[in-house]
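What follows is a set of notes on a single structure, which appears directly below.
Read-outs throughout are calculated quantities, based only on the coordinates presented, and are distinct from any laboratory measurement. Quantities reported herein were computed from a predicted structural model and do not represent experimental measurements. We place every Cβ from the backbone using ideal geometry, glycine too, and count neighbours over all the protein chains shown.
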């Protein structure tokens, strides 16, 4: 009977750990967080400054910014989209990633407010 509990415990631990592990072919959380942070900043930049120039197309300009980010991190658009799909399909991992991203943004805002004083 004690082996039964041991096996159940091992299965439980394996199930829990497999839900939080990011496969090697997926962009790892720290890098994915950095990419998403930069993508958010690019979206803000395009939305705030580029769209004021009516001769420029917002979607085209945003794609240019995304391409710069992919190049910066050495990833392809396909790999980014596959990785993003993985995170969206695994809500517990995605939540941790987004919470980390939110904390990073909050720290940045705090730093900016200190600089303006």
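Summary table below
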| quantity | calculated |
| --- | --- |
| Spin-label pair residue 68/residue 98, simplified geometry with 7 Å Cα→Cβ offset, distance in nm | 2.7 |
| For the stretch 28-116: rounded, prolate or oblate by the Cα gyration tensor [a/c cutoff 1.5] | oblate |
| Rounded FRET efficiency, nearest 0.05, which uses the C-beta distance separating residue 21 from residue 116 and R0 of 30 Å | 0.10 |
| Difference of contour (0.36 nm per residue) and Cα-Cα distance, residue 106 to residue 58 | 14.6 nm |
| Mean Cα-pair separation over length for the stretch 28-116, i.e. relative contact order, pairs under 8 Å, 6 or more apart, % | 33 |
